[in-house]
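The values are calculated or read from the model by the stated rules, or taken from the named source; none is laboratory data. All values reported here derive from a predicted model rather than from experimental measurement. Don't worry about glycine lacking a Cβ; one is built from the backbone with ideal geometry, like all the others, and counts go over all protein chains shown. For accessibility, only protein heavy atoms count, side chains too; no ligands or nucleic acids. Shrake-Rupley method; radii C 1.70, N 1.55, O 1.52, S 1.80 Å.
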Amino acid sequence: LNLAPVQMLAEGKNFDEDAMITVGKVQDGNVVLKNVVSLLKLDIPEGVASVRLQGFAYENISGGVTASADAVAGKAASSSVTLMPSGETFAAGVHCIAILPTKFTAGFKVVYNKTGQMAVIKKTIATEFPRNGVFKVAENSTANLKWLANPIMTEEDLLTYVADQSAYAGETAKLGANIALTKAWTPVALSGVLDGQEHTISGLAVEATGDKVGMFTVVEADAALKSVTVEGTISQTSTSATSYA
């Protein structure tokens with residue numbers, strides 16, 4: 001069986017009917033059907049063009065598997081599921097994403113995208129999605145979504161992005177303009193992909209003690225900082241002979 005990593009809503013539906021996979025077995029002369037998938041129910045506000053579910057440990061949750069009436073076996077190929085509307089944007093309301101049964105060992109995130117913005121809801125504790133189970137993101141949880149401008153256009157946008165790198169791990173944010181920093185900059189680990197699109201970040205002023213001092217303390221394995229010019233000063237008091245700019 002195959003659970004598509006991109007699920008499309010037909011008009012008037014709040015789930016992809018093709019993703020509601022069931023298997024059957026003959027029992028006492030009847031065919032008994034059992035669901036294979038687990039569901040995430042979530043609120044989607046008006047104007048959203050796509051929603052993606054992914055575990056922080058990148059568990060595989062869609063793709064081809066072998067299923068029986070009693071178990072789901074085999075290793076799926078994709079670590080995410082994206083839900084798409086029938087039109088340009090979703091009708092506001094509760095919609096469902098189907099995934100293969102799994103345990104998100106480090107929690108999961110739901111990424112909402114609309115034109116020029118993205119937002120993330122995250123659950124950072126181990127969470128199990130059992131077969132034929134339903135996990136529901138709290139009602140009205142999207143009412144106060146913290147939207148990040150993408151592309152990033154202002155200093156406030158950039159500070160919002162770096163303040164919560166765990167939420168944006170693996171996500172691509174782009175600069176849409178040159179940004180002149182006027183506020184204090186605290187270096188953090190870069191977990192996402194920041195594409196400068198040939199723009200400049202100026203006015204960087206960092207004063208720190210340690211061996212990993214710069215605009216970012218470290219660029220994580222799946223992260224990247226690219227196509228950007230950074231101008232400013234870094235004042236470092238190192239505790240060893242090794243330093244990083």
Legend entry - Apportionment of accessible area to carbon and sulfur, segment 34-118, percent (1.4 Å): 49
Legend entry - Segment VAL6-LEU225, extension gain: residue separation times 0.36 nm, minus the distance between their alpha carbons: 76.1 nm
Legend entry - Extension gain, GLU88 back to SER166 (0.36 nm per residue minus Cα-Cα distance, nm): 25.2 nm
Inset, instruction - Specify, per residue and in Å³, the volume enclosed by the convex hull of the alpha carbon atoms belonging to segment 167-232. - result: 91
Inset, instruction - Quick one: Debye curve from the alpha-carbon atoms of segment 1-78 only, equal weights, vacuum; give me log10 I(q)/I(0) at q = 0.18, 0.22, 0.25, 0.27 Å⁻¹ to two decimals. - result: -0.88, -1.15, -1.32, -1.41
Inset, instruction - Enter the accessible area per residue of segment 68-173 (Å², integer; probe 1.4 Å; all protein chains in place). - result: 46
Inset, instruction - Check cross-link reach from LYS114 to the aspartates and glutamates: straight Cα distance under 18 Å, and skip same-chain residues fewer than eight apart. - result: ASP43, GLU46, GLU88, ASP157, GLU171
Inset, instruction - Mind computing the radius of gyration and Dmax over the alpha-carbon atoms of segment 79-131? Å is fine for both. - result: 12.9, 36
Inset, instruction - Quick one: dipole size for segment 63-184, taken about the Cα centre, charges +1 on Lys/Arg Cβ and -1 on Asp/Glu Cβ, in debye to the nearest 20. - result: 240
Inset, instruction - Hand me the chymotrypsin sites (Phe, Trp or Tyr not before Pro) from segment 44-120 located in a DSSP loop with no more than 16 other Cβ atoms within 10 Å, in residue order please. - result: TYR58
Legend entry - the chain - convex hull of the alpha-carbon atoms, volume per residue in Å³: 143
Inset, instruction - Compute the semi-axes of the equivalent ellipsoid of segment 14-140, taking the square root of 5 times each eigenvalue of the Cα gyration tensor, and list them largest first in whole Å. - result: 27, 17, 12
Legend entry - Selection of trypsin sites (Lys or Arg not before Pro), segment 31-103, meeting DSSP coil and at most 15 other Cβ within 10 Å: LYS75
Inset, instruction - Subtract the Cα-Cα distance of LYS123 and ALA177 from 0.36 nm times their separation in residues, and report this length gain in nm to one decimal. - result: 16.2 nm
Legend entry - Whole-angstrom gap from segment 216-230 to segment 36-50, using each part's C-alpha centre: 31
